[in-house]
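Below: the structure, in structure tokens.
The values are calculated or read from the model by the stated rules, or taken from the named source; none is laboratory data. Since the model is a prediction, treat every value here as computed from it, not as a measurement. Every residue, glycine among them, receives a Cβ derived from its backbone with ideal geometry; neighbour counts consider all protein chains shown. The accessibility values were calculated without ligands, DNA or RNA, using every heavy atom of the protein model including side chains. Shrake-Rupley method; radii C 1.70, N 1.55, O 1.52, S 1.80 Å.
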Amino acid sequence: MHSDLNLLKTWGWNHHHTSPPIAAYVHIPFCRHRCGYCNFSLLANRDDLFERFLNGLATELSELQEPRPVQTLFLGGGTPSILPPPLMQQLLALLRHWLPLSKGGEWSIEANPLDIRADSLHLWKDLGINRISIGGQSFDPAKLKRLERDHSPDELDRAIEAARSVMDSVSLDLIFAAPDETPEIWHNDLVHAIHSGLNHLSTYGLTYEKGARFWGERARQIIKPVDEDTELEMYLDAIDTLSSHGFEHYEISNFAKPDQACRHNQAYWRGDSWWAFGPSAARYVGGVRSVNHRGTLEYLRRLETGCSPVIEREELTLDQQWRERFVFGMRQLRGVPWQSWQSHVPANVRESINQKIAEHIEHGWMHEIEDHVRLTRKGLVVSDSLWSEYLD
Amino acid sequence: MNGKDPKSIGEIPLSRIRNFCIIAHIDHGKSTLADRLLERTGTVEIRRMKEQLLDAMDLERERGITIKAKAVSLHHWHNGELYELNLIDTPGHVDFQYEVSRSLTCCEGALLLVDAFQGVEAQTVANAYSAMDHNLKIIPVINKIDLNHARVDEVTTEMEQVLGIDPDDIVKCSGKAGIGIDELITAIIERIPAPSGETSGSLQAMVFDSHYDDYRGAITYVRLMSGEVKRGDKVRFYRAGVNYEVLELGQFVPERKPVDKLRAGEVGYLICNIKSLKDVRIGDTVVHANDTTVEPLEGYQPPKRMVYCGLYPSDGQDFSELRDALEKLSINDPSFEFAPETSEALGFGFRCGFLGLLHMEIIQQRLENECDIDLVQTAPNVTYEIVKRGGEVLEIHRPQEVPDSGEIEEFRQPIVRVNFVLPTEFIGVVMKLCQDRRGILRGNEYLSGTRALVSYDLPLAEVIYDLHDKLKSVTRGYGTMDYEIIGYENADLVRMDILVNGKRVDALSVICDRRDSDRRGRAVVKKLKEEIDRHMFEVAVQAAIGARVIARETVPAMRKNVTAKCYGGDITRKRKLWAKQREGKKRMKSIGSVDIPQKAFMAVLDTGADNK
């Protein structure tokens, strides 16, 4: 069935020129409550909308027109694990239809520790999920409270243990530089994580985002952020401690045991294309970046009335594509294979990037290893200050 | 009006001509009163009145200030005889003091207008004294008497005490309500003397204003002191030394109305196909070209620019566009001057000279209104004089021109006499304000039980920085001030330089009093530290006098700047953010490899006065 919407075209799909995306992201915009630091697109405590949302999502997915096999699938949010078993079953069946996972594929779900139980884990696994990313954030009770998390350290321990016994791959998110956090608290979190038998860790310095409650509380000086030097110390501790315990630091915020890097996220940094569904979801198809409306109700209303939920769409020029690919590729610690890219990159872009690379190598912020350009440790910690010079 | 015969214009005998101006503080109702006079004499019909006709320019309307003088001839029947009343409007601001004095020279009388609530203000005092110096017949007027809170009796006392006005002479009126206008017209006719002047003598016409008309060229405003001038006459602008033929002459009624001739005692305009206002100098004398014996009128002065600043296009590409815009402005306003200059920090731009700070603001606003160029302005400075060893005198328009201290015999700065009028409870704070700025008290008298006139001599440099703003803030808006240049005085002045990572930023140098230099140096480097973003390396900001560093601040190197999360949805957002940062950087000025935001170039205005 072809609809009038024809989102496939809006998304950038082009039969003739585009090799199909082999990655897909699905955003589930629900949580039990909103933590003070979070500004993501989500609705807290709106179980009544679950079914309506799945119907909307089904409409959006049907715009694929035919099943599109993928090698990685990522269920993010929000808290996808919040869905009760029957609805979860419905969601996963929907995805298996439209986005069938190729053999050997990676299917991740973000989960709250409180949702991770033997029964739910088995359900997810039976329907094809093989990787779980746990929103744990810390093992310290006071810090969890400060971050307004709804689980205890023990609950997190039990969740990790349960996940490990069922899933092939278990990842944990940790936040550092929470208000009042000391380097000792953070170090304990790292050590605890190392001994939890995880094969992947993401560590995020707390950021104050517009739209999050912490943003205003910081402005009103109710919250005093950790100073920059302490935050840097914590970040470097994560790199050193995890690296010396068998984790490879493969992206600015990501660490993995050998061969356990998240394949889905690497697609973003490599500049690959991917599908995306759900409110606020951003996709990259055929050189076109497009984003859905971030309001869940508006997203649903649009799909229900035959309107496009896409509110931003940008077609990148070839120059822009290469500049992006360089900048975002450099987030990976191994860097980018610049030497082998050169022959494909338009001459003017190549020259301006080469000039910047030379300058930044001179300053000690980058170095070349074989055919790769990568960040030095000195460059890594200030790398955001470099990127504006590579973009046009 | 009744029986006004256009032909009679030009035949009105000198004895029935009155030339007068209105002097008043801003907002005391000068323009409204002028409109009412135009309306009551039938010069302008009510339905044609745009509110406040004389303030023709939008900008003047916007600011409520009459910037340029205008002249209008009113014709009025009085006791069966037709009179010609020439109203010469005067600019109401100190920057245009010289223009005011030329306008006053063209009058025999002045209406001294005082607001019935506000009372005597600093500007009223300055202008009234000036009118008295010119031997004008003063008609004191209290305006806005219809206001609920009018305090006519007290204001009468103030006028009596400060200005020596006889209370019996005061005309009470309301321009807005039209009260007392007939009495005022009668007073003008009966009290102001008729002009003197010999129609048969040599032509001497005082140029008191001009404006540029896109079709006719310069329109020259003149008052004939003696002789007469006719269409077709060959005339010379004496000081400018240029000859022209008079193509048209006439009066403003208030639009231009051609006449055959103008005679001694009359006020009108000349059109001579003059392509630039540069040839039409305020205060110049127009004479007959072939008259070799005639002397010019006294009191001419070339325009004196007291305030200078640099104007640079923030994008170097706009240089020629900016030059065109400045040229266009200077055609209309010869008192504004500009010359190209280069700055290591800012590239190619212009040094611009203004009569004063208000004049500078007006020109900048016109630039903004009339062309779409993003400008970087350097801190304004006054015109200094340096006497070098050996006696050579230099006029200094920018700090970079200051020679080595070893070569300086005397470093002089302009001093102004500032008159403040304020409620008595603020005398203390205003005195403190002036003493902090090295003022010398010159007078302090009570205008009435509640208001006082305080006079100080102050360096102009101190006045232009922030004195007016500070006055308004410490007196909660009730204090007013006015100033006049009284001369140059030797002072202990130094040039303070600002260095960024050891490199002098020429556009940030300032001239200041040596005793203030430490405080200002500290304030400026502190301000710059706030303005300069952190870089990937440490940035040292120093203030120095000669080789001696007097203040230092350090902008620490960026320690950590890395986005924790960067997944699918973040990519577009981040790219846009970084692309925007790149645009922002392009608009900054780069000294060495330090990016300095445009706002920082005004940081040198921070005097540190609050941190004393």
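Summed over both chains, the accessible area lost when B and A associate is about 3100 Å², using a 1.4 Å probe. Length gained on full extension, B:ALA177 to B:ASN369, computed as 0.36 nm times the residue gap minus the Cα-Cα distance: 65.6 nm.
Sparsely packed loop sites in the stretch A:326-376 (the GluC sites (Glu not before Pro) outside DSSP H, G, I, E and B with at most 10 other Cβ atoms within 10 Å) comprise A:GLU370. The label-point distance for A:LEU123 and A:HIS363, in a model that sets each label 7 Å from Cα toward Cβ, rounds to 5.2 nm. Entry note, the protein assembly as shown: the mean residue ellipticity at 222 nm calculated from DSSP H runs of n ≥ 4, each adding -39500 (n - 2.57), is -9000 deg cm²/dmol after division by the residues and rounding to the nearest 500. In this structure, B:GLU344 and A:HIS16 have a Cβ-Cβ separation that, at R0 = 45 Å, corresponds to a calculated FRET efficiency of about 0.20. For chain A, return all DSSP H helices satisfying: extent of Cα atoms along own axis at least 15 Å; mean Kyte-Doolittle hydropathy at least -1.0. Helices meeting the criterion: A:50-62, A:85-98, A:153-166, A:183-194, A:228-243, A:318-329, A:347-362. Size descriptors for the stretch A:317-386, from the alpha-carbon set: Rg then Dmax equal 11.3, 32 Å.
Rounded to the nearest 0.05, the FRET efficiency derived from the C-beta distance between B:ASP466 and A:LYS257 at R0 = 56 Å is 0.30. Ligands, DNA and RNA left out, the 1.4 Å accessible surface of the protein assembly as shown is 47% carbon and sulfur atoms. Take each residue of peptide B:574-582, count the partner chain Cβ atoms within 10 Å of its Cβ, and average: the result is 6. Taking 15 Å as the cut-off, the amide N atoms of the stretch A:282-323 that come nearer than this to a point 7 Å along the Cα-to-beta-carbon line of A:LEU87 belong to A:296-297, A:300.
Separation of the stretch A:269-327 and the stretch A:101-141, taken as the distance between their Cα centroids, equals 26 angstrom.
Cross-linked pairs A:LYS210/B:LYS574; B:LYS529/B:LYS560; B:LYS278/B:LYS599; B:LYS503/B:LYS527; B:LYS70/B:LYS278; A:LYS125/B:LYS565: Cα-Cα separations exceed 24 Å for B:LYS278/B:LYS599; A:LYS125/B:LYS565.
Semi-axes of the equivalent ellipsoid for the stretch A:4-269, computed as √(5λ) from the eigenvalues of its C-alpha gyration tensor and ordered from largest down, come to 32, 21, 19 Å. When the alpha carbon coordinates of the stretch A:9-131 are projected onto the principal axes, the ranges are 45, 29, 26 Å, largest first. Panel values: chain B, Kirkwood radius from alpha carbon pairs, Stokes-Einstein at 25 °C and 0.890 mPa s, translational diffusion coefficient 91 µm²/s. Scoring B:401-413, B:515-527 by mean Cβ neighbours within 10 Å over their residues and listing the highest first yields B:515-527, B:401-413. Comparing Cα centroids, the stretch B:537-561 and the stretch A:215-266 end up 32 angstrom apart. Residue ranges A:4-11, B:490-497, A:342-349 sort as B:490-497, A:4-11, A:342-349 when ordered by packing (mean number of other C-beta atoms within 10 Å per residue, highest first). Loop-located trypsin sites (Lys or Arg not before Pro) across the stretch B:221-303 with a Cβ neighbour count of 13 or fewer within 10 Å are B:LYS275, with loop assigned by DSSP. Note on the stretch B:239-261 and the stretch B:305-373: Cα centroid distance 31 Å, given to the nearest whole angstrom. Close amide H pairs (under 5 Å, H built 1.01 Å from N) link A:TRP107 with A:LEU73, A:ASN130, A:ARG131, residues at least 5 positions away or on another chain. Projected over every direction and averaged, the convex hull enclosing the alpha-carbon atoms of the stretch B:494-612 yields 8.4 nm². Between B:ASN243 and B:ASN332, the FRET efficiency from the beta-carbon distance, with R0 = 25 Å, is close to 0.60. Of the chymotrypsin sites (Phe, Trp or Tyr not before Pro) found in the stretch B:450-540, the ones in coil according to DSSP and having at most 14 other Cβ atoms within 10 Å of their Cβ are B:PHE537. Were the residues from B:GLU81 through B:ARG191 laid out at 0.36 nm apart, the gain over their Cα-Cα distance would be 38.0 nm.
Only Cα sites of the protein assembly as shown enter the Debye sum here, all with the same form factor; the resulting log10 I(q)/I(0) across q = 0.05, 0.06, 0.09 1/Å is -0.51, -0.67, -0.99, listed in q order. Peptide A:372-383 shows a mean partner chain C-beta count of 2 within 10 Å per residue C-beta.
Each Lys and Arg adds +1 at its Cβ and each Asp and Glu adds -1 at its Cβ; summed about the Cα centre, the protein assembly as shown shows a dipole of about 1640 debye.
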